[in-house]
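Asks: Have a look at this one.
The values are calculated or read from the model by the stated rules, or taken from the named source; none is laboratory data. Quick caveat, the model's predicted, so the values are computed rather than measured. All Cβ positions, glycine included, derive from the backbone under ideal geometry; neighbour counts span all protein chains shown.
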Amino acid sequence: MTKEWYFVRKLNSHEQPFSAARFEVQILDDDGRAIAIGYLMADTTELLIDDRSVPQPVLEAAKQRTVGQGEYVGSDGQVLPPF
């Protein structure tokens, strides 16, 4: 099983690609580059990005960020050091 990496952040209002998006979740490769990006609102309970289900702890980690703040997290939602 390969390790999953994510980058999560809360968007500023001018960064939101959709009027309802509040958070961004990036699925990362082993070098820390985004290979897919999804967006969610505070009330989102599940997120599919390119047919991949994002783990619930990752969604919760995204929702805990403050505006403009982003963090690298594992599939368990725990913060990881930057690449």
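Asks: Among the residues of segment 57-83, how many are in contact (Cβ under 8 Å) with a residue 40 or more places away in the chain, crowded, with 18+ Cβ neighbours inside 10 Å and aliphatic (A, V, I, L, M)?
Replies: Of the residues in that region, 4 qualify.
Asks: Looking only at segment 17-40, filter to residues that are exposed (fewer than 12 other Cβ atoms within 10 Å of the Cβ) and either in contact (Cβ under 8 Å) with a residue 40 or more places away in the chain or not charged (D, E, K, R) (or both); which one of those is farthest from Trp5 (Cα to Cα)?
Replies: Ser19
Asks: Kindly provide the set of residues from segment 44-56 that are surrounded by 15 or more Cβ atoms within 10 Å (Cβ to Cβ) and at pLDDT 95 or above, ordered by number.
Replies: Within segment 44-56, Leu47, Ile49, Val54, Pro55 qualify.
Asks: When you check Ala62 against the structure, is it touching a strand residue (DSSP E or B) at 6+ places or on another chain (Cβ under 9 Å) and farther than 13 Å from Gln26 by Cα, yes or no?
Replies: For Ala62, the condition - touching a strand residue (DSSP E or B) at 6+ places or on another chain (Cβ under 9 Å) and farther than 13 Å from Gln26 by Cα - is not met.
Asks: If you check Gly77 against the conditions, is it assigned to a loop (DSSP other than H, G, I, E, B) and at pLDDT 95 or above?
Replies: Here the answer is yes, as Gly77 does meet what is asked.
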